[in-house]
There are 2 protein chains.
Amino acid sequence: RMDCQTDDTGSLTPMELYEKLSAQGDKVRTLKTEKAPKPDIDAAVQLLVKLKLEYKTATGQDYKAGCPPSDGPTLQDNGPSVTEGEDLVNPWNVTTTSAKGVDYDKLIVRFGSSKIDQELVDRIERVSGQKPHRFLRRGIFFSHRDMHQVLDAYESKKSFYLYTGRGPSSEAMHVGHLIPFIFTKWLQDVFDVPLVIQLTDDEKYLWKDLSVEECHRYAVENAKDIIACGFDINKTFIFSDLDYMGSSPGFYRNVVKIQKHVTFNQVKGIFGFTDSDCIGKISFPAIQAAPSFSTSFPQIFNGRKDVQCLIPCAIDQDPYFRMTRDVAPRIGYPKPALLHSTFFPALQGAQSKMSASDPNSSIFLTDTPKQIKNKINKHAFSGGKDTIEEHRKYGGDPDVDVSFMYLTFFLEDDEQLDKIRQDYTSGVLLTGELKKRLIDTLQPMISAHQQRRKLVTDEMVQQFMTSRPLDFNY
Amino acid sequence: RMDCQTDDTGSLTPMELYEKLSAQGDKVRTLKTEKAPKPDIDAAVQLLVKLKLEYKTATGQDYKAGCPPSDGPTLQDNGPSVTEGEDLVNPWNVTTTSAKGVDYDKLIVRFGSSKIDQELVDRIERVSGQKPHRFLRRGIFFSHRDMHQVLDAYESKKSFYLYTGRGPSSEAMHVGHLIPFIFTKWLQDVFDVPLVIQLTDDEKYLWKDLSVEECHRYAVENAKDIIACGFDINKTFIFSDLDYMGSSPGFYRNVVKIQKHVTFNQVKGIFGFTDSDCIGKISFPAIQAAPSFSTSFPQIFNGRKDVQCLIPCAIDQDPYFRMTRDVAPRIGYPKPALLHSTFFPALQGAQSKMSASDPNSSIFLTDTPKQIKNKINKHAFSGGKDTIEEHRKYGGDPDVDVSFMYLTFFLEDDEQLDKIRQDYTSGVLLTGELKKRLIDTLQPMISAHQQRRKLVTDEMVQQFMTSRPLDFNY
């Protein structure tokens, strides 16, 4: 059900798209035959994929070489399809058949985003004057859109703001949910910028069998865990959609502006909605898009409409923001920039995202040290061999080992991590020992989180969630 | 493009609907063959029409006797169709081929509403203790839903509230736009109940080539004309959607609740939306529905969710409220009751609604006495004969004469109106004389409106449009 909406074009007729596609197909074949440099082929393939998706969005049909678009009736309710062997990545589903997880390089090509390469990591270090966060050093935030533009502006004293969010579908948050918040806090600290955090309780009401009141309560509970990540209360606004939509005319006006510029055909193409979906789901993407524009927060930006937004999020949220970037110029706003993270794997392996409803699929922020230990020992998928003898002889595979993957997320020390990788690969380090390293890393981290969460008072939550000016020197 | 959504059913499969339809078709044929009483045939036809529309909504296909529903792909983007010879009536278009205007008795059958008969008019007189408004005496408000229920409750001291509205697409309002407001003011006076008036500036932004700011400005300008109708400032809340959606969490929560319970298939069936429509249009019906529920105005009703709503409106708005009544029980709210008016004819004749963009299509609230006189003399379609001699001999036809129609709306005295009808029909009254009667009625009426509008201060507008408690003894 994954599909993408591109940023540009949009005004071509199906026949023009068809002709452009045919030409691009020829170009790709020529480049391959001529054994052109890989980046050239990649770029051409990327454009081809983009055009194919646009073609499908425009006509409802798959592009077929030699078959020009017909004017006849198009099928509905098929939703966008996935090519066999491709990973499925959208805001509601991520599946892959590889134990190593989703192929992120392929995803960059399919989504039309850019890789966070060493040059960009170095530049972030230079501009911020800080050592890059381990998520950057290790490719956990691996893809971006327009990050160089954000840094260009920042270097010429033109600041930006951060926007991230969470869908509060239950009280229970797991360590994976912390990834965007940990990274966003780092960005806030090193760039000293304001931050808005959207809790999409309205989305959860629309998608889940929950009452409005339950969803709102989950939003407030989740806000406590988010606050416990250490955000600066003077620079951070956390909001529930159910509350903020009904208390900010600026926000609603942007929602309506976005809703005017996105058709059902487009959200069908991007999100796979069907005619049987409720109109709330169909119009929701505009609500997740709206915080990307500074006029949605007049209390923070004094009505300025040119403050650029930078969105750190997991790559599965990108479809929302491809749509947002498509709409932005048409309503007179700058396109938001993005930083995309990989997925945090389930304890059982990297084939799927974790589920908040399965307590054994991850480490929850409420787990006791004992639960953490037991879960890791019992459920963390191992890349080790079946017997100690074999393991000593052949070594383990860190690339499919969930304990090792979790350490790449949470163990700060690069040298230690590298040593663990080497020792595990060589067979010096046994699975039990690797798991112990993870347990020793997570137990104090979760305990510390729980301590900080206890210190989050109702007044603090109230203050974070009150619409108000933030410290922001533009 | 007219189509209706019924209140009940909804859980039948296409095949069950098909079988029910076949049976109902047989029943209608039998009744007609047997020359059954007209009310019986009407009721059976009404159910048949309802089922056909449900079938189309469920399958996307027109019902065809002998052709069961297929599982194959259904066509999209056709929109609901109108049977040949039927009037087209929906919120954006009203057309008819008859000079007398839309066939309202047929519309009652098609829409599944109830006729406002003499018994109901008498009952309103009894319960209110007031002579019924001329719009009731003359069948201008001709159709209703659940008005008896409203009166039952009112008699046992259970009050209700009124809700009406306007789409502010320009500054210019014409006399036809006053119809719902004149009648609503009367209802407010005789029943002593609170009133909410929705100005759908968001809708106008979505449908027209206007900016958000323009639509909001029109809303405020239109509010002045509405206030000039004499509403009680202590019992009336006038709101712009663009403002109120962003200042009332209660309102937005109801919008989301409604949006969760209406599918794209449904709004496609009801309103004729297509896949090319923007997601704002597709979700808008929930915004017009929300004021039908008292929890949308916690400041007025203290969070009570059981205060019934009565909606006086032109019949073209009924599709919104059929949808609303369908959703109401599923989200735990009472269904709104309705009072439907006929359309106010254009000066050129009853074949279509007036257009605010054609200054000669109606009398505007800003017209001078001279403009009124000239427009009526020059543009009002006449039911008179070509020459005075013929007119004296054969008489005129008041049923197609726009000046006479306008008098039925605005001349208070029943006896005078009846005498005019008789004299015009007999040929005693000439077209010029009839037009003079209308000019003499409208000139002082419009002047008085203009005087009252001048007295509407910015502070009054501000007060009417401020979310606040109203005088309401429940």
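Bear in mind that the values in this text are calculations on the coordinates, not laboratory data. No experiment lies behind these values; they were computed from the predicted model shown. Note: ideal-geometry Cβ built from the backbone for every residue, glycine included; neighbour counts use all protein chains shown.
Both radii come from the Cα set of segment A:268-421: Rg as radius of gyration, Rh as Kirkwood radius; their ratio Rg/Rh reads 1.12. Projecting 7 Å from Cα along the Cα-to-Cβ direction, the label point of A:Asp232 sits 5.5 nm from its equivalents in the other copies, listed shortest first. Around the amide H of A:Thr263, modelled in the peptide plane, lie the amide H atoms of B:Ile279, all under 5 Å away and 5 or more residues distant in sequence or on another chain.
For segment A:358-454, compute Rg over Rh where Rg is the Cα radius of gyration and Rh is the Kirkwood radius from the inverse mean 1/r over Cα pairs. In segment A:358-454, Rg relative to Rh is 1.00.
DSSP finds beta bridges in chain B, and of those with both partners inside it, around 45 percent are antiparallel. Converting phi to 3J(HN,Hα) with the Karplus coefficients 6.51, -1.76 and 1.60 and the offset θ = phi - 60°, segment A:283-293 yields 8, 4, x, 5, 6, 6, 6, 4, x, 6, 10 Hz in sequence order, with x at every glycine or proline. Which value, in Å to one decimal place, does the Kirkwood hydrodynamic radius take for chain B when every pair of different Cα atoms is included? About 23.7 Å, per the Kirkwood formula over Cα pairs. Close amide-amide hydrogen proximity is noted between B:Val400 and no other residue 5 or more places distant or on a separate chain, at a cut-off under 5 Å (H modeled in the peptide plane; Pro and chain starts excluded). Charge dipole of segment A:358-454 (Cα centre as origin; +1 on each Lys and Arg Cβ, -1 on each Asp and Glu Cβ, all else neutral): 600 debye, rounded to the nearest 20. Take B:Arg468, push a point 7 Å out from Cα through the beta-carbon direction, and compare it with the same point in every other copy: 2.8 nm, smallest first.
Using the Cβ-Cβ distance between A:Ser98 and B:Asp122 with R0 set to 56 Å, the FRET efficiency from 1/(1 + (r/R0)^6) comes to roughly 0.15. In segment B:358-454, Cα pairs under 8 Å separated by at least six residues give a relative contact order of 33 percent.
Annotation: for a label point projected 7 angstrom from Cα along Cα→Cβ of A:Ile233, residues of segment A:443-474 with backbone N closer than 16 Å are A:452-471.
Taking the alpha carbon gyration tensor of the protein assembly as shown, multiplying each eigenvalue by 5 and rooting it gives semi-axes of 61, 31, 27 Å, largest first. Taking every residue in A:243-249 and counting other chain Cβ atoms within 10 Å of its Cβ, the average works out to 6. The H on the amide N of A:Val193, modeled in the peptide plane, is under 5 Å from the matching H of no residue at least 5 residues off or on a different chain. Rounded to the nearest Å, what's the spacing between the alpha carbon centres of segment B:357-411 and segment B:243-263? Just the number, please. With segment B:357-411 and segment B:243-263 each reduced to a Cα centre, they are spaced 44 Å. In loop segments of segment B:189-218 as defined by DSSP, the trypsin sites (Lys or Arg not before Pro) with at most 14 further C-beta atoms inside 10 Å of their C-beta are B:Lys208.
Inter-chain neighbour count for A:257-263: the average number of beta-carbon atoms from partner chains within 10 Å of each residue's beta-carbon is 6. With respect to the cross-link table entries B:Lys224/B:Lys435; A:Lys52/B:Lys268; B:Lys370/B:Lys435; A:Lys100/A:Lys385; A:Lys281/B:Lys20, which display a Cα-Cα separation exceeding 24 Å? Distance filter (> 24 Å) returns B:Lys224/B:Lys435; A:Lys52/B:Lys268; A:Lys281/B:Lys20. Helical content of the protein assembly as shown, expressed as a calculated mean residue ellipticity at 222 nm, amounts to -14500 deg cm²/dmol (DSSP H runs of 4 or more residues, -39,500 (n - 2.57) each, divided by residue number, nearest 500). Each other residue within a Cβ distance under 13 Å of A:Arg253 adds +1 if Lys or Arg and -1 if Asp or Glu, for a net charge of -3. Taking Cβ atoms as reference points and 14 Å as the exclusive limit, the residues near B:Ile182 contribute a net charge of +3, counting Lys and Arg as +1 and Asp and Glu as -1.
For A:Val109, neighbours were defined as the other residues whose beta-carbon sits under 10 Å from its Cβ, and their charges (Lys and Arg +1, Asp and Glu -1) total +1.
Protection proxy ranking for B:388-401, B:157-170, using the average of other Cβ atoms within 10 Å per residue and placing the highest first: B:157-170, B:388-401.
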